[in-house]
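Encoded as structure tokens, the structure appears first; notes follow it.
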Amino acid sequence: MDDPIWQALSTDSRRAVDEHLTASRQVYAIKAIRDASPDPVPGIPACMDVITVRRVELGLDGRGPTPRADPADPAGLAAKAEALPERVESIRAEWDGDTFGWCVDLRAVTAGHPGGYVLATIRHGGDIRIFNGEVPPWPEEAEAESVGREVAARLGVPFHFAREDGPGLPATG
């Protein structure tokens with residue numbers, strides 16, 4: 001990419017940005033660019049321009065994340081949680097969002113990491129669904145509830161969904 005902001009980043013920083021973009025974590029990609037940039041730090045709109053071009057270069061569709069077609073694997077997520085450096089105390093699902101829309105993070109909460117380690121991010125499309133009248137219901141919510149409860153049961157810990165009635169959009173009408 002022939003962009004001065006991108007060119008100023010180290011190879012490791014570029015790799016981190018690409019990893020965030022591949023995982024549809026645009027806000028984290030913007031933060032990675034800003035954190036790794038020399039002064040003067042680029043503004044958010046300039047970073048968004050960089051990630052838009054970079055998404056195209058990476059072969060991402062440029063319009064937002066591709067919905068995950070397969071359900072999260074409870075056995076694999078439980079194994080991932082068991083591999084953490086601390087004992088998992090609970091599994092928590094919570095709404096999150098980025099520049100493309102809403103998703104649900106499944107987190108393994110430990111005593112030393114009360115914010116939780118992200119085990120999976122569940123997304124079934126971008127926020128264009130809101131304008132198209134496709135949500136609610138939110139399919140992410142149902143999947144997070146089902147998978148989260150199964151992961152928690154496998155680990156013998158409680159499960160909690162931080163907000164089980166959608167991502168908290170303002171009422172319309």
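The values are calculated or read from the model by the stated rules, or taken from the named source; none is laboratory data. Values in this document were obtained by computation on a predicted structure and should not be read as measured data. Ideal geometry is used to build each Cβ from the backbone, glycine not excepted, and the neighbour counts take in all protein chains shown. Each accessible area value is taken on the protein alone, full model and side chains, heavy atoms only, with ligands, DNA and RNA left out. Shrake-Rupley method; radii C 1.70, N 1.55, O 1.52, S 1.80 Å.
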For region 164-173, how many residues are out of contact with any helix residue (DSSP H, G or I) (no Cβ under 9 Å at 6 or more places or on another chain) and either at pLDDT 65 or above or closer than 11 Å to E94 by Cα (or both)? 1
Select from region 141-156 the residues that are of a type in the set (A, V, I, L, M, F, W, C) and touching a helix residue (DSSP H, G or I) at 6+ places or on another chain (Cβ under 7 Å) and write down the one among them that is farthest from D105 (Cα to Cα). L155
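Looking at region 137-158, which of the residues that are outside any helix (DSSP H, G or I) and open to solvent by less than 70 Å² (accessible area, probe 1.4 Å) is modelled with the lowest pLDDT? If you could, list the steps in order and put the result at the bottom.
Keep residues of region 137-158 that are outside any helix (DSSP H, G or I), which gives 137-138, 156-158.
Restricting the remaining residues to those that are open to solvent by less than 70 Å² (accessible area, probe 1.4 Å) gives 138, 156-157.
Details: W138: 82, G156: 97, V157: 98.
Looking at residues that are outside any helix (DSSP H, G or I) and open to solvent by less than 70 Å² (accessible area, probe 1.4 Å), I get W138.
One line per residue, one yes/no per condition, for (1) at pLDDT 80 or above; (2) small (G, A, S); (3) open to solvent by 20 Å² or more (accessible area, probe 1.4 Å); (4) closer than 20 Å to C103 by Cα:
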residue	(1), (2), (3), (4)
I33	yes, no, no, no
A36	yes, yes, yes, no
P40	yes, no, yes, no
A46	yes, yes, yes, no
I51	yes, no, no, yes
R54	yes, no, yes, no
G59	no, yes, yes, no
G64	no, yes, no, yes
P67	no, no, yes, yes
It is to be established whether one or more residues within region 93-106 are in contact with a helix residue (DSSP H, G or I) (Cβ under 9 Å, 6 or more places away or on another chain), open to solvent by 60 Å² or more (accessible area, probe 1.4 Å), at pLDDT below 95 and not in a loop (DSSP other than H, G, I, E, B). yes
Can you name every residue in region 1-16 that is open to solvent by 50 Å² or more (accessible area, probe 1.4 Å), charged (D, E, K, R) and over 11 Å from A29 (Cβ atoms)? D2, D12, R15
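Among residues belonging to region 108-132 that are assigned to a loop (DSSP other than H, G, I, E, B) and open to solvent by less than 60 Å² (accessible area, probe 1.4 Å), point out the one that is modelled with the highest pLDDT.
Initial filter on region 108-132 (assigned to a loop (DSSP other than H, G, I, E, B)): 111-112, 123-127, 132.
If we keep only those that are open to solvent by less than 60 Å² (accessible area, probe 1.4 Å) as well, we get 112, 123-127.
Numbers: G112: 91, R123: 82, H124: 79, G125: 70, G126: 67, D127: 68.
Looking at residues that are assigned to a loop (DSSP other than H, G, I, E, B) and open to solvent by less than 60 Å² (accessible area, probe 1.4 Å), I get G112.
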